[in-house]
Amino acid sequence: MFALVGGLLLASSGSAGAAADPVVSTGKPATASSTESSSYGAGNAFDGDPATRWASAEGVDPQWIQVDLGATATVSRLKLTWEDAYAKAYRVETSADGTTWTKIAEETAGNGGTDDLTGLTGKGRYLRVYGTTRGTSYGYSLFDAEVYGTLDEGPPPTGAFTVVAVGDIAAQCTASSSSCAHPKTAALAQRINPKFYLTMGDNQYDDARLSDFRDYYDKTWGAFKAKTRPVPGNHETYDPAGSLSGYKSYFGSIAYPQGKSYYSYNEGNWHFIALDSNSFDKTEQINWLKADLAANSKKCIAAYFHHPLYSSGGHGNQPVSKPVWKLLYGAKTDVVLGGHDHHYERFAPQNADGKATSDGIVEIVGGMGGAEPYAIEEIQPNSQKRISGPYGVLKMDFTDNGYSWTYVGTDNQVKDTSPKYSCH
């Protein structure tokens, strides 16, 4: 049964449990039909901060904002806190796939302020607020959108944790320049607030001197240096003071926890291997990798280094990584992260020879941390998705038995969502 309450059409039944249901939308990936500027991204409506907001383009109907709840949810309540630019008329819709939508509530005479919609009975992974009539001559703007309900998949899998990963970061610019990207990717990475951060090389441009690290990287990504687990790229070898000199001086034992520029560590049911692809031709690192893989007792394996074996970008494939890939494939490694090419790309599981296989390694190129983007030039076999242009980071979600990720842009919008993979 539905009732019209102050112009709002909503379910009048099923409200008993609504008060006890938790918020299931905070920090979840969000997208919108438009944004007024990069300062008013869709994610601001779901970040739990009442001082930030989403704002659409001005003077245009319709406009929408949606959130990916990460799993199918039973929605019992939606609380919307509008800025002065509110919706006079809008629909609330849910969807299983983000394509086909079902209306669960409708406002026809909104007056701004706070709309607290209780007694809802919607179900879906995605929830969308679809504005059809603006209440002012401006656009639509929300300080907060809180979705209450229960996730059908129950509590998070045992051992679940999130990691932010990216490469090719700190160009020689600061936040005083609107075109400077690494302050924006750092702010995004910090908002995600992961268990730790991975960097896939070329952390600092152009020659990675210690003074450059202090002047640029440290003022943005340096805010969470203690939670960062980096590897070097080729630009770290250009330091006039010596190859990796500034890199080692800046990061210290963070980058050399085992006394070398490569190392490994465990988190949950995962074994992480951080490698220095500048020295893949050195026997010492290869022998260390063989011993490390042999000693590993974790079910799942992730490796990361700067030079990707396969890439559709300007640098293209990096054969220097092939012997390492063979070792990783032989040890049933699940995923390899790289940078070097300044774009985002994901590949289907494949072996070191580029043959698609279900037991292969998933490779991700994540070089959009702040350096100038590179164009896609020659699409490689098994490449499933390529994005060049928008800066952003990888939000990697790991469980005891698998992993998935989203590529999130600095506008807080999800640019790509991976399949869900199980560990080998």
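Consider GLU83 carefully, then state whether it is more than 22 Å from the chain's Cα centre (by Cα), charged (D, E, K, R) and buried (at least 21 other Cβ atoms within 10 Å of the Cβ).
Judged against the criteria, GLU83 is not a match.
So LEU198 passes all but one of these: (1) open to solvent by 40 Å² or more (accessible area, probe 1.4 Å); (2) of a type in the set (A, V, I, L, M); (3) in contact with a Lys or Arg (Cβ under 6 Å, 6 or more places away or on another chain). Which condition number does it fail?
(1)
Name the single residue, out of those in segment 220-250 being in a strand (DSSP E or B) and not β-branched (Val, Ile, Thr), that is most open to solvent (accessible area, probe 1.4 Å).
Our first condition is that a residue be in a strand (DSSP E or B); within segment 220-250, this holds for 228-231.
Restricting the remaining residues to those that are not β-branched (Val, Ile, Thr) gives 229-230.
On the way: ARG229: 70, PRO230: 0 Å².
In this case the residue turns out to be ARG229.
Right, GLN380: assigned to a strand (DSSP E or B), open to solvent by 10 Å² or more (accessible area, probe 1.4 Å) and touching a residue at least 12 places away in the same chain (Cβ under 8 Å) or not? Step through it out loud before you land on a result.
Numbers: assigned to a strand (DSSP E or B): no; open to solvent by 10 Å² or more (accessible area, probe 1.4 Å): yes; touching a residue at least 12 places away in the same chain (Cβ under 8 Å): yes.
Taking the combined requirement at face value, the residue does not satisfy it.
Could you list all residues from segment 387-419 that are open to solvent by 40 Å² or more (accessible area, probe 1.4 Å) and within 16 Å of PHE347 (Cβ to Cβ)?
Across segment 387-419, the qualifying residues are SER388, THR417, PRO419.
All but one of (1) open to solvent by 40 Å² or more (accessible area, probe 1.4 Å); (2) part of a loop (DSSP other than H, G, I, E, B); (3) modelled with pLDDT of 95 or more; (4) of a type in the set (D, E, K, R) hold for ASP359, so report the exception by its number.
Status for ASP359: all satisfied but (3).
Identify the residue in segment 15-57 that is charged (D, E, K, R) and open to solvent by 40 Å² or more (accessible area, probe 1.4 Å) and, among all such residues, is modelled with the highest pLDDT. Don't jump to the end; show me each part of the working.
Going residue by residue through segment 15-57, those that are charged (D, E, K, R) are 21, 28, 36, 47, 49, 53.
Filter once more, keeping what is open to solvent by 40 Å² or more (accessible area, probe 1.4 Å): 28, 36, 47, 49, 53.
Values: LYS28: 86, GLU36: 93, ASP47: 87, ASP49: 86, ARG53: 96.
Applying the filter and picking the extreme gives ARG53.
Are any residues in segment 99-137 assigned to a strand (DSSP E or B), free of Cβ contacts under 8 Å to residues at least 60 places away in the same chain and not small (Gly, Ala, Ser), and if so, which ones?
If the condition is that a residue be assigned to a strand (DSSP E or B), free of Cβ contacts under 8 Å to residues at least 60 places away in the same chain and not small (Gly, Ala, Ser), then THR102, LYS103, THR114, ASP116, LYS123, ARG125 are the ones that fit.
Test SER253 against the criterion of being open to solvent by 70 Å² or more (accessible area, probe 1.4 Å) and modelled with pLDDT of 95 or more, and give yes or no.
yes
If you take the residues of segment 89-130 that are hydroxyl-bearing (Ser, Thr, Tyr) and more than 29 Å from the chain's Cα centre (by Cα), which of them is nearest to THR31 (Cα to Cα)?
Ranking the candidates gives TYR90 first.
For segment 183-212, give me the residue count where each residue is closer than 18 Å to TYR250 by Cβ and part of a loop (DSSP other than H, G, I, E, B).
8
Assuming ASN278 fulfils every condition listed in (1) open to solvent by 20 Å² or more (accessible area, probe 1.4 Å); (2) under 21 Å from LEU327 (Cβ atoms); (3) out of contact with any Gly (no Cβ under 8 Å at 6 or more places or on another chain) apart from one, which condition is it?
With respect to (1) open to solvent by 20 Å² or more (accessible area, probe 1.4 Å); (2) under 21 Å from LEU327 (Cβ atoms); (3) out of contact with any Gly (no Cβ under 8 Å at 6 or more places or on another chain), ASN278 is out only on (3).
Could you list, in sequence order, the residues of segment 130-142 that are of a type outside the set (Gly, Ala, Ser) and either more than 14 Å from THR94 (Cα to Cα) or open to solvent by less than 10 Å² (accessible area, probe 1.4 Å) (or both)? Before you say what the answer is, go through the steps one by one.
Step one: of segment 130-142, the residues of a type outside the set (Gly, Ala, Ser) are 130, 132-134, 136, 138, 140, 142.
Result: THR132, THR133, ARG134, THR136, TYR138, TYR140, LEU142.
Okay, residues lined up against (1) outside any helix (DSSP H, G or I); (2) over 20 Å from THR199 (Cα atoms); (3) in contact (Cβ under 8 Å) with a residue 60 or more places away in the chain; (4) open to solvent by less than 40 Å² (accessible area, probe 1.4 Å):
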| residue | (1), (2), (3), (4) |
| --- | --- |
| ASN266 | yes, no, no, no |
| GLN285 | no, no, no, yes |
| ALA291 | no, yes, no, no |
| HIS307 | yes, no, yes, yes |
| SER311 | yes, no, yes, yes |
| LYS322 | no, yes, no, no |
| HIS342 | yes, no, yes, yes |
| ALA352 | yes, yes, no, yes |
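The values are calculated or read from the model by the stated rules, or taken from the named source; none is laboratory data. From a predicted model like this one, the values you see are computed outputs, not experimental measurements. Ideal geometry is used to build each Cβ from the backbone, glycine not excepted, and the neighbour counts take in all protein chains shown. Please note that ligands, DNA and RNA were not included when accessible areas were found on the heavy atoms of the full protein model with its side chains. Shrake-Rupley method; radii C 1.70, N 1.55, O 1.52, S 1.80 Å.
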